[in-house]
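*Asks:* Just dropping this structure here.
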Amino acid sequence: MIEQRARGHIERYLDPIARVLVAARFTPMVVTIVGLLLVVGGALLVGFSHYILGASIAALGSALDGLDGAVARLAGKASRRGAFVDSVSDRLGETAMWAGLAFAVSEDVSFSDDAVLALLCVLNLGASLLVSYLRARAESVGADGRGGLMGRAERVILFTAGLVFSFVPVMLWVMAALTWMTVAQRFALVWQRLDG
């Protein structure tokens, strides 16, 4: 949703940062890999119950990963291979974030219902991957696969807010409801966009 509605406004702020990265000779692939490494590092910190620091680093990595497309465009290095690696790195990052949180809630004694929370982490990971898969599958057959409430940006924002402001159980329930709703929305949208 953020991607569809705010892309033009966001690019106005991303382009100057991307220009700095291009001037510093960062390639789009380096931006993607550094973003992924930050997300994985943040996820490891979350896994060891350093929620605020871990979530902040993971959010920074996700934001940096959002710059790789702008760097590619401004440097004239946009490629299908780069887009492919970017998509895979996004899924790896989300998997790391949910794995870190699942480990943390199963080990953290402050969570009394840790088995349910760990299950919610798995359900959120599954829904997140399905949302991305539906888009990729739709686009592979020539349909627009975007749409629904919880795109990647919304998921990162809610995940980060849940950890930073210490409402992890609530975040997990809300994320599960909204992301599975997005799976249904996106499926219905793609179904309508495809001909029989």
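*Asks:* Identify all residues within the range 131-154 that are crowded, with 16+ Cβ neighbours inside 10 Å and part of a helix (DSSP H, G or I); write none if there are none.
*Replies:* 131, 132, 134, 135, 138, 152, 153, 154
*Asks:* What's the number of the condition residue 104 fails, among (1) among the small types (Gly, Ala, Ser); (2) on the phi > 0 side of the Ramachandran plot; (3) touching a Gly at 6+ places or on another chain (Cβ under 6 Å)?
*Replies:* Checking residue 104 against (1) among the small types (Gly, Ala, Ser); (2) on the phi > 0 side of the Ramachandran plot; (3) touching a Gly at 6+ places or on another chain (Cβ under 6 Å), the one that fails is (2).
*Asks:* Would you check which residues across the range 52-90 are hydroxyl-bearing (Ser, Thr, Tyr) and under 22 Å from residue 151 (Cα atoms) and list them?
*Replies:* Across the range 52-90, the qualifying residues are 56, 62, 87, 89.
*Asks:* While we're on this one: May I ask you to list pairs of residues, at least six apart or on different chains, whose Cβ atoms are under 6 Å apart, with the first in the range 129-146 being on the phi < 0 side of the Ramachandran plot and the second being of a type in the set (S, T, N, Q)?
*Replies:* 131/182; 146/4
*Asks:* Say we look at the range 70-86 and pick out the residues that are of a type outside the set (D, E, K, R), touching a helix residue (DSSP H, G or I) at 6+ places or on another chain (Cβ under 7 Å) and in a helix (DSSP H, G or I); which of these is nearest to residue 130 (Cα to Cα)?
*Replies:* Out of the qualifying residues, it is 85.
*Asks:* For the range 125-142, how many residues meet the condition of being at pLDDT 90 or above and either touching an Asp or Glu at 6+ places or on another chain (Cβ under 6 Å) or farther than 18 Å from residue 88 by Cα (or both)?
*Replies:* 1
*Asks:* Give me the residue from the range 52-103 that is among the β-branched types (Val, Ile, Thr) and in contact (Cβ under 8 Å) with a residue 40 or more places away in the chain and, out of that set, farthest from residue 125 (Cα to Cα).
*Replies:* Out of the qualifying residues, it is 71.
*Asks:* Of the residues that make up the range 173-186, is at least one at pLDDT 90 or above, in contact with a Ser or Thr (Cβ under 7 Å, 6 or more places away or on another chain) and within 22 Å of residue 55 (Cβ to Cβ)?
*Replies:* yes
*Asks:* Determine which member of the set 177, 184, 188 is surrounded by fewer than 21 Cβ atoms within 10 Å (Cβ to Cβ) and closer than 29 Å to residue 45 by Cβ.
*Replies:* Only one candidate passes the filter, namely 177.
*Asks:* If you go through the range 50-73 one residue at a time, how many are crowded, with 18+ Cβ neighbours inside 10 Å, closer than 19 Å to residue 23 by Cβ and not acidic (Asp, Glu)?
*Replies:* Summing the residues that are crowded, with 18+ Cβ neighbours inside 10 Å, closer than 19 Å to residue 23 by Cβ and not acidic (Asp, Glu) in the range 50-73 gives 7.
*Asks:* Give the residues of the range 147-190 that are in contact with a helix residue (DSSP H, G or I) (Cβ under 6 Å, 6 or more places away or on another chain), without any contact (Cβ under 8 Å) to a residue 24 or more places away in the chain and under 19 Å from residue 65 (Cβ atoms), sorted by residue number.
*Replies:* Of everything in the range 147-190, just one residue is in contact with a helix residue (DSSP H, G or I) (Cβ under 6 Å, 6 or more places away or on another chain), without any contact (Cβ under 8 Å) to a residue 24 or more places away in the chain and under 19 Å from residue 65 (Cβ atoms), namely 158.
Quick grid of which residues meet (1) closer than 23 Å to residue 48 by Cβ; (2) under 19 Å from the mean Cα position of the chain (by Cα); (3) not aromatic (Phe, Trp, Tyr):
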position	(1), (2), (3)
65	yes, yes, yes
78	no, no, yes
82	no, yes, yes
92	yes, yes, yes
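The values are calculated or read from the model by the stated rules, or taken from the named source; none is laboratory data. Just so you know, these numbers come straight off a predicted model, no measurement behind them. Quick reminder, even Gly has a Cβ in these numbers, built from the backbone with ideal geometry, and neighbours come from all protein chains shown.
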